[in-house]
Each structure stands twice: as structure tokens, then as C-alpha cells.
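Below is one structure, written out as C-alpha cells; comments come after it.
The values are calculated or read from the model by the stated rules, or taken from the named source; none is laboratory data. Everything numeric in this text was worked out from a predicted model, so none of it was measured. Counting neighbours? That spans all protein chains shown, and the Cβs are built from the backbone with ideal geometry, glycine included.
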Amino acid sequence: MATTAAELMLRLLREGAVPYLKGDEVALRGGGRAMPPELLAELKARREELRALLARGAGLPLATEDWPPDAAMELEERAAIMEFDGGFKRVKAEASAALATRVWWVRVGAA
């Protein structure tokens, strides 16, 4: 079990689920796979903490074009490294870089 809402958010991201605010409610956009039951239980138990964390800006918007400039620059740099140094195809590099940037944003913004 995560000890903070930020750790819960990182676990959700690692599972492929991007938490975001839809109005005042926490919503998830995921990669289409089932989430472990214990993670769902923790999400239900800590929903208000996660909502408060997201309201403070610890999560990035769903659309990358809506990201703040520093997050967008981080995304572009990570994607370029993955594509040119890592040999990833551009689409895979961008998707992997988006996840890595979301994790980075939580870590620098939620500390």
C-alpha cells in the first residue's frame, strides 16, 4: 500500500492509468488492462487525498499540448533520446516519454 497520495499516483501511472480531474472528481484514463484489486481498493480509500493532490497541480493534463512549457520540453527531450539513442520508433518513444515525464512531474511537483 502506498504511504502517500503521490506514491499512489505513481503506482497508478506504472499500471498505465493516468489520474486526472473531471470536474471535481478523480477519473482515470488507462491502457485497457485491468487494475489489481488492491490498487482499486486503495484508490477508493484515498480518492479525496488524490483529488487534493491533482487540484494542486501534481498531475499533468491528459493532452500533452496542454502541458506547461517545462513539462513539454522534458517530454520532447526524453522522446528524442529514446528515439535516437534508444532506437525506439517515434510513436513508442513519445508514449514512453509521456509516461516518464508524468512520473517526473509528480516527483518534482508533489514533493
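Descriptive notes on the structure:
- Looking across region 81-106, the residues that are more than 16 Å from GLU15 (Cα to Cα) and either assigned by TED's automatic domain parsing to the domain that holds ARG11 or surrounded by 16 or more Cβ atoms within 10 Å (Cβ to Cβ) (or both) come down to MET82, GLU83, PHE88, ALA93, GLU94, TRP105.
Residue-by-condition table, conditions (1) in a helix (DSSP H, G or I); (2) touching a Gly at 6+ places or on another chain (Cβ under 8 Å); (3) surrounded by fewer than 18 Cβ atoms within 10 Å (Cβ to Cβ):
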site: GLY16; (1), (2), (3): no, yes, yes
site: LEU28; (1), (2), (3): no, no, yes
site: ARG33; (1), (2), (3): no, yes, yes
site: LYS44; (1), (2), (3): yes, no, yes
site: GLY57; (1), (2), (3): no, yes, yes
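- Residue in region 70-87 that is touching a Leu at 6+ places or on another chain (Cβ under 7 Å) and within 15 Å of ALA17 (Cα to Cα) present: no
- Scanning region 18-48 for residues that are small (Gly, Ala, Ser) and at pLDDT 90 or above, we see that the one that is farthest from GLY109 (Cα to Cα) is ALA41.
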